[in-house]
Amino acid sequence: MLEILRFVKGLTDWVWTHRAKILVLILVITMVVPQPAKGQFIDVAAIVSAIGAINTAITNVIGAGLRDISGALGAVNGVLNAIQNFFQNTIYPPDAINRARGVVGAVQGLYNVIRGLANLNVASATLANPRQLEAVLLSRNAGNIGQVPNRYTTVYQPIPPATDAPAPMRDLIDMTDATAQAALKKAIAIDAAADQLMDASDQLAAELAVAAPGTAPMIEAQSAAMLVKAHALTQSATAELFRIRAIDMANTGAALKFNASHASDTRRDLTNMFVK
């Protein structure tokens, strides 16, 4: 809209400034273009008189209107320029935008450091079977979750058969193994999800570095949604820690119950032995 008003104002000013040249051009065209034959000579005086009348009409009638239009367009142009300056210098000042982009670049550097720390190689197992299990657990690949049961059983041994352990003990072992494997699988899934969130964070940071001021709120909304997902993953990991703590407490209680049962059986056996 601002460009159209400027064009109209410029055209109006140009017509008014070059009105004399335009009249001369009209005179030349009138003399050159063939007219209906009414005689052998052109009435130049009449043409000059007509041009003078046109000039007088433009000056007295149209000129005033053109000047008024030019003034109005100039006022509108001034208002639009003021609005544009307000947005450029107050709402979206270039210096502030450049500083914000610089901050985005600095934060991206911190993200890169964090990513490097998250990807540090912490594998420590030395024997073959533990190394295979550890490689699966640190793979950060959700596709490897299916390998956990076999690798876990190889290292921590299977549930003893019914001939080697009583049913309550076998149940306790099975529940402990199930909780441990679930926690290990959840850790792999959370690592994979964390990598996805880091990739999304890098993409958002790259977009913010080149985003126009009007598009920044949309990127902020995407960042907020990503933050909610990150909180959800944190809550999921916390819930897994609660489950591990709960099974640990349950194992402690079960051990006390087994000890009490064993003491009762021992006392009964001793009593029977002395009775005999």
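Just so you know, all these numbers are worked out from the coordinates, no wet-lab data involved. All of these numbers come straight from a predicted model, not from anything done at the bench. Glycine gets a Cβ as well: all are built from the backbone with ideal geometry, and neighbour counts include every protein chain shown.
Annotations
- FRET E, pair SER124, THR266, Förster distance 41 Å, beta-carbon r, rounded to 0.05: 0.45
- Ascending count of other beta-carbon atoms within 10 Å, so fewest first, for VAL228, VAL76, VAL148: VAL228, VAL76, VAL148
- Multiplying the residue separation of ARG115 and ALA200 by 0.36 nm and subtracting their alpha-carbon distance yields 29.4 nm.
- Length gained on full extension, ASP171 to ARG99, computed as 0.36 nm times the residue gap minus the Cα-Cα distance: 19.7 nm.
- Couplings for the stretch 227-242, taken from phi via the Karplus curve 6.51 cos²θ - 1.76 cosθ + 1.60 with θ = phi - 60°, read 5, 4, 5, 4, 5, 4, 5, 4, 5, 5, 5, 5, 4, 5, 5, 4 Hz in order; Gly and Pro are left as x.
- Cβ-based exposure ranking for ARG115, ARG151, in which fewest neighbours within 10 Å come first: ARG115, ARG151
- Along the stretch 118-135 the Karplus relation, 6.51 cos²θ - 1.76 cosθ + 1.60 evaluated at θ = phi - 60°, assigns HN-Hα couplings of 5, 9, 4, 7, 10, 4, 10, 5, 10, 7, 4, 5, x, 5, 5, 5, 5, 4 Hz to successive residues, with x for each Gly and Pro.
- Length gained when the stretch ALA82-ILE159 is fully extended (0.36 nm per residue, less Cα-Cα span): 19.7 nm
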